[in-house]
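Chemist: Just passing along the structure, written as structure tokens.
The values are calculated or read from the model by the stated rules, or taken from the named source; none is laboratory data. From a predicted model like this one, the values you see are computed outputs, not experimental measurements. Quick reminder, even Gly has a Cβ in these numbers, built from the backbone with ideal geometry, and neighbours come from all protein chains shown. In case anyone asks, the SASA skips ligands and DNA or RNA and just uses the protein heavy atoms, side chains included. Shrake-Rupley method; radii C 1.70, N 1.55, O 1.52, S 1.80 Å.
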Amino acid sequence: ASPRASRAGAFRARQTTMDRLEELAKKGEEPTVVIKVGTSSLLRQEAGTLHLSQICTLCETVSRLHRRGIRVVLVSSGAVGAGMFRMGITERPKEVAKKQALAAVGQVHLMRYYEDIFNTIGIKCAQVLLTLENLSNRKQYVCARNTFGALFEMGVVPVVNENDTVAVEELKFGDNDTLSAQVAALVDARWLFLLTDVDGLYTSNPHTDPNARRIEVVENINDLDVDVGGAGSSVGTGGMVTKLTAARIACAAGCKTIVCLSGNMDTAIEAAVLRGESVGTVFLPAKKAAKGKKKWLLAVPISGEVRVNELGERAVLRGAPLLMTHVTFVSDNHFRVQECVTVCDRDGNELARGLCNYAANTVREAVAASTQIGTEKSCGWEDDLDGPPECIHGNNMCVTHGETLSKSFTFADLQGAGYDSGINASSDDEQ
């Protein structure tokens, strides 16, 4: 094709995108993108400084999406690492109090640059600090959701990080990959971008294995056969294993998750969102996304694990209650009544998460009784004497291993391909 024809084709593509954006804006449909950037992408470890050019590129990318009517949430790591640089510390401390203090020092340093850069390009930003305790509490979850909604209405870009200063170890997200997935579920995001130092998920570590292959699309996380061992950078807490955990949470909430190279963020994010191009590794969202209370369950801390037989697996994936007769194994954790547990198949692959009607000891005794009797159908469980047969009620369980979309959707395909987590879908979150 001639240069003139190529330019004309590019112009028509941009015009079509703008027409779609204007049409969606008139309908009040503003999809949300969550961008998570890791510590290694924000800091120059060898120089001990912030990576200013990378931060500027990130802010400009957010700005371009924002100006096209797309709501953007930025989940930023780097507080502890920035604090280490500011205080001249080269090794990440092990003491919790010292890490929390460094986070306090580094967070204000990071936000100063975000505020200055966003202000320069005409964008207002806000700092939002969250803990897992905030989101696991139903009332605080709804308050956080409403706050994000108000910030979007005011045209403000939320910059989110974990509130390390007050978070206790038992109620920490652990890493910002998980935090970004929880935020994506909270704000009904369509896309979650996990920016990292590799261009996707590989079959093994590409830095050490020359035979490692990049995986372009993941439909079923449980079917993955990859080596994701190893932590992130010396100033970070993440790694590829945390991104798989984040993808499971976000996909269950109906959010398309993309792991891609932070160095390509200036082109990759817009290419994926606006044009549907293949970027990094794509984790396809659930065809039937969790809503309302079930979406909130994704934010509740996990207290234990139960494994189920084949009948239980079919019941869980069908949305039916998990019965005591379905349970074949209980982890050593001492979870209490109405605490959240993961429901796994016989091989330990996660199927769902839910609030257990019974304490761990009670479920464990039922499993032991079924082993003694020699039949899982009997289980020694009698409704009149022992209580309701449901170990987890269907309304208190969120499937994290449902059928995924096979279609790659773009900005204009918001209601297509059987995807039913509409932006304006009603749920008890707003009540």
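Chemist: Could you tell me the distance between the Cα centroids of segment 139-168 and segment 34-69, to the nearest Å?
Modeler: Rounded to whole Å, the Cα centres lie 20 Å apart.
Chemist: Does segment 289-356 come out rounded, prolate or oblate by the C-alpha gyration tensor, with a ≥ b ≥ c the root eigenvalues, rounded set by a/c under 1.5 and, if not, prolate when a/b is larger than b/c and oblate if not? Intermediate results must be reported in sequence, preceding the final value.
Modeler: Values: a/c = 1.76, a/b = 1.13, b/c = 1.57.
Oblate is the answer for segment 289-356, as a/c is 1.5 or above yet b/c matches or exceeds a/b.
Chemist: Per-residue counts of other Cβ atoms within 10 Å, averaged by peptide: what ranking do you get for 247-260, 306-319, highest first?
Modeler: Details: 247-260: 26.7, 306-319: 18.8.
Highest mean packing first, the order is 247-260, 306-319.
Chemist: Could you tell me which residue out of 97, 118, 107 lies farthest along the dipole of segment 86-129 toward its positive end? Charges go on the beta carbon: Lys and Arg +1, Asp and Glu -1, centred on the Cα centre.
Modeler: 97
Chemist: Ok, one more. So with the 1.4 Å probe, I'd like the accessible area per residue for segment 49-180, rounded to whole Å².
Modeler: Working: 5960 Å² over 132 residues.
On a per-residue basis, segment 49-180 sits at 45 Å².
Chemist: Would you mind checking the pairs 124/291; 98/295; 36/99 and listing those with alpha carbons more than 32 angstrom apart? Walk me through the numbers before you get to the answer.
Modeler: Details: 124/291 30 Å; 98/295 34 Å; 36/99 21 Å.
Table pairs above 32 Å Cα-Cα are 98/295.
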